[in-house]
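The values are calculated or read from the model by the stated rules, or taken from the named source; none is laboratory data. Since the structure is predicted, the reported quantities are computational estimates derived from the model, not experimental observations. Cβ atoms come from the backbone with ideal geometry, glycine included; neighbour counts cover every protein chain shown.
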Amino acid sequence: MSRTRPINCIIPPYILDKLLDSEDSEVRRAALDTMLLTARLRGERAVRASFAGAVAPGDGRRTVFDCEQEESLPNAVLARPEDGPESTDPSINQAFDALGLTRDFYKEVFQRNSIDGRGMRLDGYVHFGFQVNNAFWDGRQMLFGDGDGKEFSNLTGSLEVIAHELTHGVTDHESQFEYHNQSGALNESMSDVFGSLVKQWSLKQTAEEADWLIGADVWTPGIGGDALRSMKDPGHAFNNPTFGKDPQPDRMSKFIHLPDTKRGDFGGVHFNSGITNKAFYLTAMHIGGFAWKAAGTIWYESLKASSADDQFQDFAGTTFQKAGELFGVGSPEQSAVLAAWQEVEVPIKGVPAGVARVRSLAVNGNGGVGREDGLAALTRQIGALNDKVTGLAKDLAAMKVNR
């Protein structure tokens, strides 16, 4: 069933709901205004849905506009074009640079020409509305709120947040994961994965060096050490009196069932994305090195090969298959994928339970003997399984010839 895609925004509804209970009237008002604005933008995107693809190619050229705290995009002032000088406004420069880093990441790492693969221009609108606690991808451009100055700082201040939102555009042009239940959680997870990879790529960090946090630079600036989400440790990104404890699960036995409604986060898409986020983190850590090279390539090719209504198990199977195609059946990379999905309790179809239950692949953070031995053991088992399948295929072929 095809559905109208909601507007994508970085701040999950359960965070804004908490802000409505704040003792600070300004914080409550900013949260309510943000929720109302999000609803309005969702309606506008529904109207634009019939004009999908109408944006002319522009070689990924960036243009940043200043909304001057208004909500009207047509009245926004041109602030910095692709070839324009640097602005005196840090928000304009941060948005401009992040748009460019995300564009360049997709081009250099995956040979993708902008968000749609065809040179889509990248338009960003800063200072959108008054104290808006969110950043949005509306299907055609990026909108950045300034935050309320208390619980949120300016939303242009986080590279992974901007890359997260732009990746929703990539997903829109590839798998088109339906934005509800498990496929919606996959949609959100893809944005977290590639949002984090853009930051790691820009900093030239290995998987071991990265913090794997989403939104640490823009959320609760007065509280250190927290973030909106942690890919490394879902459920432990934050824990404070204002927002409570991070509700994300990290495995299927903790899957959160919510109604497929706006108030239910469309079936918990921002909650359950923690499961698939953890699977990617584990894959990257098992492989080691720069996460965008092997793990990122497996996930990117799997995104392109997926269908709109795929569930977690479908996507897990696709990553396992793509790892085999890209790096070889039974390769360390394919073994890492299998080990990651089994740890978050998502089985892969067609893989015997005896192989799937192997849990000797431990992340020790140092690439030590335990990690190598576990990986080698799992690789041998997958290789042996592949040999058996190949042998059976030959026997069947011989039987047909002898009939």
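Set side by side, the residues Ser183, Ser175 differ, and just one is of a type in the set (Gly, Ala, Ser) and either touching a Lys or Arg at 6+ places or on another chain (Cβ under 8 Å) or surrounded by fewer than 23 Cβ atoms within 10 Å (Cβ to Cβ) (or both), which is Ser175. If you go through the range 218-249 and keep only what is of a type in the set (Asp, Glu) and either surrounded by fewer than 18 Cβ atoms within 10 Å (Cβ to Cβ) or in contact with a Cys (Cβ under 8 Å, 6 or more places away or on another chain) (or both), you end up with just Asp233. Quick check on the range 108-115. Is at least one of its residues hydrophobic (A, V, I, L, M, F, W, C), surrounded by fewer than 24 Cβ atoms within 10 Å (Cβ to Cβ), touching a helix residue (DSSP H, G or I) at 6+ places or on another chain (Cβ under 7 Å) and farther than 19 Å from Gln176 by Cβ? Within the range 108-115, one or more residues are hydrophobic (A, V, I, L, M, F, W, C), surrounded by fewer than 24 Cβ atoms within 10 Å (Cβ to Cβ), touching a helix residue (DSSP H, G or I) at 6+ places or on another chain (Cβ under 7 Å) and farther than 19 Å from Gln176 by Cβ.
Rundown of residues vs (1) surrounded by 24 or more Cβ atoms within 10 Å (Cβ to Cβ); (2) touching a residue at least 12 places away in the same chain (Cβ under 8 Å); (3) more than 18 Å from the chain's Cα centre (by Cα), yes/no style:
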| position | (1), (2), (3) |
| --- | --- |
| Phe130 | no, yes, yes |
| Gln141 | no, yes, no |
| Gly145 | yes, yes, yes |
| Asp148 | no, yes, yes |
| Phe152 | yes, yes, yes |
| Leu155 | yes, yes, no |
| Val161 | yes, yes, no |
| His164 | yes, yes, no |
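Applying the criterion of being out of contact with any helix residue (DSSP H, G or I) (no Cβ under 8 Å at 6 or more places or on another chain) and not in a loop (DSSP other than H, G, I, E, B) to the residues of the range 282-318, the residue that is surrounded by the most Cβ atoms within 10 Å (Cβ to Cβ) is Met285.
Taken across the range 58-65, residues that are modelled with pLDDT under 90 and part of a loop (DSSP other than H, G, I, E, B) do occur, with at least one present.
Only a single criterion out of (1) without any contact (Cβ under 8 Å) to a residue 40 or more places away in the chain; (2) in a helix (DSSP H, G or I); (3) hydrophobic (A, V, I, L, M, F, W, C) is not satisfied by Ile223, namely (2). For first residues located in the range 100-126 and over 18 Å from His168 (Cβ atoms), partners that are at pLDDT below 95 and of a type in the set (Asp, Glu) and lie 6+ apart or on another chain with Cβ distances below 9 Å form the pairs Gly119/Asp59.
Every residue, every condition in (1) over 24 Å from Gln200 (Cα atoms); (2) assigned to a loop (DSSP other than H, G, I, E, B), yes or no:
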| residue | (1), (2) |
| --- | --- |
| Ser87 | yes, yes |
| Val109 | no, no |
| Gly117 | no, yes |
| Asp123 | no, no |
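For the range 76-91, residues that are without any contact (Cβ under 8 Å) to a residue 40 or more places away in the chain and surrounded by 17 or more Cβ atoms within 10 Å (Cβ to Cβ) total 2.
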